Amino acid sequence: MNNKNMQTVPDIEDKIEALYLFMESNLSGRYAEDWTYMLDPEIVFHLNSLSKEECENLVLRIWDWDADILICLADPFIGDYYSHLDGGFLYCKLFLVIENFGDLEYLYDNLPHAVSRINAGTQPLSFYVDLENKAIETFKVKESYGIDCIREKFDRERKLQQEKS
């Protein structure tokens, strides 16, 4: 993929649909370096242009998208760019819904960072249990740095809940 082949984000009223169409039209270059250096910044720019309401709508709609498109949101979500999106949570949620083992391995590499970035007190404890269980079931290990990070976040969140009670 090069600049000549890269499609741009369509200028349509539905910005979420525009993002989907952009990602779908550029999917053939997903594994090329161009994706990281040319397309990810375009996705980040587009996500930053969304209003709070559009971000809330995005979070509801993306889970109906094909997994090949969803995985392309991983790197943009892991960054610390957004005022209206919890990128850490969204990255972790991708880990929960993606089924392709290769994609899960890729996501797992950054899972500790993503877990640490989830806004405190925003997710139920069951979310962290689900993450841990998925990691254990997927990789057939009970101990790893990623699982330790999930457990530490669970413990912090549980203490936070107890303090609020």
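A few notes on this one:
- Filter result for residue 134 (more than 10 Å from the chain's Cα centre (by Cα) and either touching a residue at least 40 places away in the same chain (Cβ under 8 Å) or crowded, with 18+ Cβ neighbours inside 10 Å (or both)): yes
- Filter result for residue 110 (among the polar types (S, T, N, Q), assigned to a helix (DSSP H, G or I) and surrounded by 16 or more Cβ atoms within 10 Å (Cβ to Cβ)): yes
- Residue match in region 43-61 (condition: open to solvent by less than 10 Å² (accessible area, probe 1.4 Å), more than 25 Å from residue 8 (Cβ to Cβ) and part of a helix (DSSP H, G or I)): no
- Considering residues of region 92-107 that are assigned to a helix (DSSP H, G or I) and open to solvent by less than 10 Å² (accessible area, probe 1.4 Å) only, the residue nearest to residue 18 (Cα to Cα): 94
- Number of positions in region 48-74 that are among the hydroxyl-bearing types (Ser, Thr, Tyr) and in contact (Cβ under 8 Å) with a residue 40 or more places away in the chain: 0
- Scanning region 113-131 for residues that are of a type in the set (Val, Ile, Thr) and outside any helix (DSSP H, G or I), we see that the one that is surrounded by the fewest Cβ atoms within 10 Å (Cβ to Cβ) is 122.
- Restricting 77, 89 to those that are free of Cβ contacts under 8 Å to residues at least 40 places away in the same chain, surrounded by 13 or more Cβ atoms within 10 Å (Cβ to Cβ) and in contact with a Ser or Thr (Cβ under 9 Å, 6 or more places away or on another chain) reduces the list to 89.
- Candidates 156, 151, filtered to the one that is modelled with pLDDT of 95 or more and open to solvent by 70 Å² or more (accessible area, probe 1.4 Å): 156
- Residue under evaluation residue 99, criteria (1) at pLDDT 95 or above; (2) within 15 Å of residue 58 (Cα to Cα), criterion not met: (2)
- In summary, residue 82 fulfils each of the numbered conditions (1) open to solvent by 60 Å² or more (accessible area, probe 1.4 Å); (2) among the aromatic types (Phe, Trp, Tyr); (3) not in a helix (DSSP H, G or I) with the single exception of condition (1).
The values are calculated or read from the model by the stated rules, or taken from the named source; none is laboratory data. Fair warning: this is a prediction, and the values are worked out from it, not measured in the lab. Cβ sites come from the backbone with ideal geometry, for glycine too, and all protein chains shown count toward neighbours. Heads up: the accessible areas ignore ligands, DNA and RNA and are worked out on the full protein's heavy atoms, side chains in. Shrake-Rupley method; radii C 1.70, N 1.55, O 1.52, S 1.80 Å.
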